[in-house]
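Below is one structure, written out as structure tokens; comments come after it.
The values are calculated or read from the model by the stated rules, or taken from the named source; none is laboratory data. Because the structure is predicted, anything quoted here is derived from the model rather than measured. Cβ sites come from the backbone with ideal geometry, for glycine too, and all protein chains shown count toward neighbours. With ligands, DNA and RNA removed, areas are computed over all heavy atoms of the protein, side chains included. Shrake-Rupley method; radii C 1.70, N 1.55, O 1.52, S 1.80 Å.
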Amino acid sequence: MKAIRIHQFGGTDVLKLEDVPEPVAKQGELLIRVRAVGVNPVDTYVRAGTYAVKPELPYIPGGELAGEVVGGPRAGQRVFAVGTVGARQTGACAEFAVVREETAYPLPDHLTFAQGAAIPIAFGSAWRALFDRGHLQAAQTVLIHGASGGVGSAAVQIAAAHGAIVIGTASSDVGQKLVRDLGAAHVFNHKDATYRDQIRSATGGKGVDLIIEMLANVNLDHDLDLLAPSGTVVIVGSRGRIEIDPRRTMAKETSITGMMLWSGGEAGLKRVYAGITALLARKALTPIVGSEIPLAEVARAHEEVMQDGSQGKVVLIV
Ligand code: NAP
């Protein structure tokens, strides 16, 4: 089969289209004919060799997909799946991939494979950040800081469907329009020098109950000023270090916490995806695909996912 393989960590030139043997599903696993692969910022950190977890080389990148089950009782079923069998180096950027059976969820008929590949990491992370870590309740105000990207566009929809008042940020006009269309009550530009004042006045000076933060190394210190009393910042993304003033947490008794999708554990993730699939089936959520790129042009996808002006997910078509 055709697959993208990485033989050494580095720039996008290490992504090679090669002929490799088809993977074989073992007990408890499913072989998937891959139709689409979600591209995530973490794919670029792993490729560059800067991520804490380094796969054994060579490896096939890609941690989420949509496709059809090959063989067995679920043969032909359209699914989306999170987490390929990485230990055996069978990632999603290939014509076939192997996933653990319990991580493959039915893809509703009204969604395309590209939309399916945009679900697992973005919606799973958004759900865990909002509910497991952020304990969001209806009528609370939530700032999705970086609302135009994969996780952000999912978080806006989930929070709005839950009855929260959503404030989103995005840097481009198209990104801001997307966030508004997805249900945010207010949208601001995180590159505008006055956007924090605008958020404060949108909340009548009270601040926000919850912040879902996509770039903590830039925003965390200011986030502490934007929180309402007893508010929480959930760190989803961070690309470096930052100095904060801990005193800012004291008078308002605010909290900073982190979220990592995989730390939800098997039972936790089962619950998360049960919630997501129920809302997808009722068409209450829509996975947003900003660009569809052929598998052979994976280098372009790795560049695009790290650029400003996000509009949902970058997806590879197999
Ligand atoms: P993405 O699709 O590339 O989106 C990035 C988002 O960050 C965009 O909305 C972008 O807005 C926004 N952004 C850029 N500069 C910003 C700033 N100064 N302040 C606030 N937001 C800013 O990436 P993603 O898939 O949504 O992932 C977002 C982050 O979460 C990444 O760092 C990723 O590695 C991380 N992540 C973590 C987990 C986890 O388990 N913890 C899971 C998934 C993702 P514009 O493009 O409009 O400027």
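Placing a label point 7 Å from the Cα of Asp245 along the Cα-to-Cβ direction, no residue of region 141-165 has a backbone N closer than 14 Å.
Sorting 121-128, 153-160 by their mean Cβ neighbour count within 10 Å, with the most densely packed peptide first, gives 153-160, 121-128.
Mean separation of Cα pairs under 8 Å and 6+ residues apart, divided by the residue count of region 107-261: what relative contact order is that in percent? Normalised by residue count, the contact order of region 107-261 is 21 percent.
Each Lys and Arg contributes +1 and each Asp and Glu -1, all at the Cβ; summed about the Cα centre of region 195-238, the dipole is approximately 120 debye. Computed from Cα atoms, the angle from the helix 265-281 axis to the main principal axis of the chain rounds to 80 degrees.
Take the chain and mark each of the GluC sites (Glu not before Pro) that is in a DSSP loop with at most 14 other Cβ atoms within 10 Å; the longest unmarked stretch, sites excluded, is 57-242. Here the convex hull built on the C-alpha positions of the chain has a volume of 123 cubic angstrom per residue. Spatial offset of region 112-153 relative to region 211-277 amounts to 13 Å, using the alpha carbon center of each.
Relative to the dominant Cα principal axis of the chain, helix 216-226 is inclined by about 30°. The DSSP beta bridges internal to the chain are antiparallel in roughly 55% of cases.
Ranked from largest to smallest solvent-accessible area, with a 1.4 Å probe on the protein heavy atoms, Tyr105, Tyr273 come out as Tyr105, Tyr273. Placing a label point 7 Å from the Cα of Met306 along the Cα-to-Cβ line, the residues of region 38-64 whose backbone N sits under 13 Å from it are 40-51.
Annotation for region 283-318: trypsin sites (Lys or Arg not before Pro) lying in DSSP loop with at most 15 further Cβ atoms inside 10 Å of their Cβ are Lys283.
Full extension of the chain segment joining Ser238 with Glu101 gains 46.2 nm, where the gain is 0.36 nm per residue of separation less the Cα-Cα distance. Measuring r between the beta carbons of Val53 and Glu266 and using R0 = 22 Å, the FRET efficiency lands at 0.75.
For the chain, the longest principal axis of the alpha carbon atoms and the long axis of helix 150-161 meet at an angle near 60°. The C-alpha atoms of region 91-162 occupy a region whose extents along the principal axes are 43, 22, 22 Å, arranged from largest to smallest. Here the Debye sum runs over all C-alpha atoms of region 192-288 as equal scatterers in vacuum, and log10 of I(q)/I(0) at q = 0.10, 0.11, 0.21 Å⁻¹ comes out as -0.37, -0.45, -1.07. The residues of the chain present an accessible area of 43 Å² per residue when probed at 1.4 Å with all protein chains retained.
Listed cross-link partners Lys2/Lys283; Lys54/Lys313; Lys26/Lys270; Lys177/Lys252; Lys177/Lys270 are compared with a 31 Å cut-off, the Cα-Cα value being larger for Lys2/Lys283; Lys177/Lys252; Lys177/Lys270. Quantify, in whole percent, the carbon and sulfur part of the accessible surface of region 173-318 (1.4 Å probe; protein heavy atoms only). Looking at region 173-318 in its full context, I get 50 percent from C and S. Note on Thr257: accessible area is roughly 30 Å² with a 1.4 Å probe, heavy atoms of protein only. Using every pair of distinct Cα positions in region 45-141, the Kirkwood expression returns a hydrodynamic radius of 15.1 angstrom.
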